[in-house]
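Engineer: Dumping the structure here so I can ask a few things about it.
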Amino acid sequence: MSTFFDPHQHDTLAAAMARIIPTTDTPGATEAGAIDFLESYLAGIDRIYAKPDGSGFEALTGRRADAWRRRVEILRSTYVEGIVDLDRRSADAYGAAFVDLDAKQQDRVLTAIERPGESTALNTAQSVSGYAPVEPALQQASVEISLSFLALLALHTRQGFYADPIYGGNRDRMGWKAIGFPGPSSLAEVHTGRYTVIEYFADGSHEQEMEVTRERAKA
Amino acid sequence: MSAPKPDRTDVCIIGAGASGAAAAKVLTERGFSVVALERGPWRTKETFGGDELANVNRYNLWPDPLLNPRTYREGADQEPVVQMFCPVPQMVGGGTVHWQGWLPRFTPEDFRLHSVVGDLEGTSLVDWPITYDELEPYYTKVEWAFGVSGLAGANAYEGPRSKGYPCPPLPLSRYAQKFHQGTRALGWNAFPTPQAALSRPYNGRPATVISAFAQQHGDPTGTRSSALNVFVPDALATGRYDLRPESYVRELTVDASGRISAAVYQNEAGETFVQEADVFVLACGAVETARLMLLSTSARFPHGLANGSDMLGRNVTFHEYSSAIGLFDDPIYAWAGGGYVSASSMQFYNHDESRGFASGGHIACAGVGIPLPINWGLPDRPLWGPEAKSMDEQFFNHSMAVSMVVHDMPQLSNRVELDQDVVDAWELPVARITLKPHQNDLAMGRFLVDRDADILQAAGAQKIYKVYPDKVTGNCSHQHGTARMGDDPGTSVLDRNCRAHEVDNLFIVDGAPFPTATGANPTLTIMANAWRVAEHIADTRGQKRG
Ligand SMILES: Cc1cc2nc3c(=O)[nH]c(=O)nc-3n(C[C@H](O)[C@H](O)[C@H](O)COP(=O)(O)OP(=O)(O)OC[C@H]3O[C@@H](n4cnc5c(N)ncnc54)[C@H](O)[C@@H]3O)c2cc1C
């Protein structure tokens, strides 16, 4: 598979991802292959949408393809510039490239590029957005292309940890296992209608709950 | 060379979403030939799946903001910024394709709120020109044709109904169970949220599959109730529904007498067509309907079609969705059912003077945001690091929201116009939203989120967050008000039958005619009203006025 990032860029991103979802007593971004997810995403526009039956990826055409080419271009440049910035800050503070720092030093460099306002806006939008997608007002058309380097990397690390394994991350569904999500064994499971989570519903029914309410009200 | 002219038809409906498909069903079943022009693709269930990344994060079904931008500003003195304000999917089925579908009825009071509340400063609050009783038969028709699961009589604030629901409530999610426990402890009325899904086989469709991929996902099983699964097939079955996807209407042209002569549209290849019809029905969603009318200028209507009153695009309302979030010791599994197989309360829905603000809103339980692994979040989860990871592990399965819909008040200065600079990928000016919440909206939001928190507390939550809405962001995908119906042509665009005061053969059936937003999810009412208007068109055969 072709990739966009050169080996140094690749290693730098992988190292930063390992701080974003660190390996603790449970697996992290490294074990789940989050960097493979990102490489696969930004390699071009061939792996944007999996086919819903899991048999491959959609071929994009027309305006949709144009939009995705633009989007991938913007994201690539955010990363390229962000990596240069990380290395510059690492060199200034510790005299070495980001990949060569220890975990504590890496955390300090990442902390220095945080934008608290942005994180808060993202968090709030994500916590309530049940209807429209998470699009906090960041003065831009789309949350993904308007994110700063760290927020973008955090988003993609999360996606590489939790997205369906068909996208190259979430190896052995370890992201899902870590949080207890009984995701489907394949996209085909959902596509055929075999996948159901009814067993995670409550025992009983609305009618029973409401009967209890009525009884209590009478008593 | 002039543009090709397909055969003239009885009725041309623009948009094949919730309202357009409902109107098409009624009109085709009454014997009319309908051409439907839908700008988006006609996707079948085979193209939908359980892919959170594609559906929630990568615009697989959402409009791509790079192709379909909008702009937003808070006031007329501000520079608009490009923002995907209140997106709704654009495809056959419209916004019903990837919803979980809460379908409460409005209450009788909703139709006469001005009479109940009186004048409210800074708003253009009015009564509707129609009453609950006039709409009631159509609520019933839609509930039975569409397939809604619910429990008649359970909502203590609902108006009289002529018939129960066709299907009993869906199974009880754990988050709905918590909601019942909380409201019971508080002594508040609660009911199973009426849902656009089937609790049992109905009208040839099997019962809805309870999946984790529902809200914001298309339905690969074809078992949910949507315009795509129900009204479109019903209309097609008549043989009189000519549904043309990828047909983007850019202008409605008028003849010398001021009636619409044709819809001018363009297919994906960029070829232009001119569709003539006796009657034109707009069903593009309230924002896009206003935009299309503003794009349709002529000597007769220099400021947009049927806009002699300058009311077109004004009084736009969007609701706002926000929540209190609770963490529980026992598991909630809020992704089960996609997070939206819910229970509701209208305890704080109707107006109560003592609350210090006008009207109220629908409260219901749900997952936190989209409660799937990528998109689930908590207000205080850090962006990265071990603490973020550990919160995912601890709370993903132990959190839920109690949410509310703000009934935002209509204001003349809140409006949809055409942007002066920004165009979409088809080179057409985009909708510019100018919108500032009213004090009443924010006060109501605070009050209702506090009540949400009360329910979580009473249900035993160990930690509660309150997310107060401090602006209207369009996050509900609900749109209303841009072409009010009313009896006075000076203050409304449409008459009580949703026919334009100024254009005899123009009807609007989406949320645009709503004089007020109300505090409940609008689509059942949008479809019921579309059904009512379609019956009216059929009864009068779109005759000329007078
Ligand atoms: C994720 C999600 C969840 C939702 N949940 C609920 C809920 O629980 N309860 C509820 O009541 N509502 C809900 N809604 C809102 C609901 O989808 C809308 O209220 C409803 O779809 C509006 O119906 P409509 O007919 O006005 O417009 P739509 O359904 O949006 O249909 C309009 C159609 O017109 C087409 N169109 C627009 N412009 C043009 C043009 N120029 N030429 C040709 N075609 C055009 C569009 O492509 C679209 O298909 C939800 C929406 C979303 C996105």
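Derivation of every value follows stated rules applied to the coordinates shown; laboratory data play no part. The structure presented is a predicted model; accordingly, all values stated were derived computationally and were not measured. FYI the Cβ positions are ideal-geometry reconstructions off the backbone, even for glycines, and counts take in every protein chain you see.
Engineer: Out of (1) within 12 Å of chain A (Cβ to nearest Cβ); (2) not in a strand (DSSP E or B), the odd one out for B:A364 is which?
Structural biologist: Of everything listed in (1) within 12 Å of chain A (Cβ to nearest Cβ); (2) not in a strand (DSSP E or B), B:A364 misses just condition (2).
Engineer: Let me ask something additional. Looking for whichever is more than 9 Å from chain A (Cβ to nearest Cβ) and closer than 30 Å to A:S185 by Cβ here; the options are B:R73, B:R43, B:R8, B:R39. Which one fits?
Structural biologist: Criteria check complete, one pass: B:R43.
Engineer: List pairs: first residue in the stretch B:521-536 and more than 20 Å from B:W99 (Cα to Cα) and more than 14 Å from chain A (Cβ to nearest Cβ), second residue within 10 Å of the ligand (Cβ to nearest atom) and of a type in the set (A, V, I, L, M, F, W, C) anywhere in the structure, Cβ distance under 6 angstrom, at least six positions apart or on different chains.
Structural biologist: The qualifying pairs are B:W531/B:A22; B:V533/B:V509; B:A534/B:A23.
Engineer: Regarding B:R43, is this residue within 12 Å of the ligand (Cβ to nearest atom), among the charged types (D, E, K, R) and surrounded by 22 or more Cβ atoms within 10 Å (Cβ to Cβ)?
Structural biologist: no
Engineer: Every residue in the stretch B:168-192 that is farther than 21 Å from A:E199 by Cβ and within 16 Å of the ligand (Cβ to nearest atom), please.
Structural biologist: B:F191, the sole residue that qualifies.
Engineer: Here's a follow-up. Have a look at B:T473, B:T516 and point out the one that is within 14 Å of another protein chain (Cβ to nearest Cβ) and either more than 10 Å from the ligand (Cβ to nearest atom) or β-branched (V, I, T) (or both).
Structural biologist: B:T473
Engineer: Consider B:W62 against the criteria (1) surrounded by fewer than 24 Cβ atoms within 10 Å (Cβ to Cβ); (2) under 30 Å from B:G338 (Cα atoms); (3) more than 11 Å from the ligand (Cβ to nearest atom); (4) not hydroxyl-bearing (S, T, Y): it satisfies all of them except one. Which criterion is unmet?
Structural biologist: Of everything listed in (1) surrounded by fewer than 24 Cβ atoms within 10 Å (Cβ to Cβ); (2) under 30 Å from B:G338 (Cα atoms); (3) more than 11 Å from the ligand (Cβ to nearest atom); (4) not hydroxyl-bearing (S, T, Y), B:W62 misses just condition (3).
Engineer: Give the stretch B:1-28 a look and list any residue that's among the aliphatic types (A, V, I, L, M), away from the ligand (no atom under 14 Å from the Cβ) and either more than 16 Å from B:N505 (Cα to Cα) or part of a helix (DSSP H, G or I) (or both), or say none.
Structural biologist: B:M1, B:A3, B:L27
Engineer: Would you check which residues across the stretch B:438-470 are under 29 Å from B:P80 (Cβ atoms), touching a residue at least 40 places away in the same chain (Cβ under 8 Å) and away from chain A (no Cβ under 13 Å) and list them?
Structural biologist: Answer for the stretch B:438-470, where residues must be under 29 Å from B:P80 (Cβ atoms), touching a residue at least 40 places away in the same chain (Cβ under 8 Å) and away from chain A (no Cβ under 13 Å): B:H438, B:Q439, B:N440, B:D441, B:A443, B:M444.
Engineer: Restricting attention to the stretch A:24-41, does a residue exist that is part of a helix (DSSP H, G or I) and of a type in the set (S, T, N, Q)?
Structural biologist: yes
Engineer: Would you check which residues across the stretch B:74-110 are of a type in the set (V, I, T) and within 20 Å of B:I370 (Cβ to Cβ) and list them?
Structural biologist: The answer is B:V88, B:T96, B:V97.
Engineer: Please work out if B:P379 is surrounded by fewer than 24 Cβ atoms within 10 Å (Cβ to Cβ), in contact (Cβ under 8 Å) with a residue 24 or more places away in the chain, in a loop (DSSP other than H, G, I, E, B) and at negative phi.
Structural biologist: Yes, satisfied.
Engineer: In the stretch B:302-315, is there at least one residue being within 14 Å of the ligand (Cβ to nearest atom) and touching an Asp or Glu at 6+ places or on another chain (Cβ under 7 Å)?
Structural biologist: no
Engineer: Oh, and also: Search the stretch B:382-410 for residues being under 30 Å from B:G313 (Cα atoms) and surrounded by 24 or more Cβ atoms within 10 Å (Cβ to Cβ), and hand back the single one that is farthest from the other protein chains (Cβ to nearest Cβ).
Structural biologist: B:M409
Engineer: For B:I374, state whether it is surrounded by fewer than 24 Cβ atoms within 10 Å (Cβ to Cβ), within 7 Å of chain A (Cβ to nearest Cβ) and of a type outside the set (K, R).
Structural biologist: Yes; evaluated as a whole, the condition is true for this residue.
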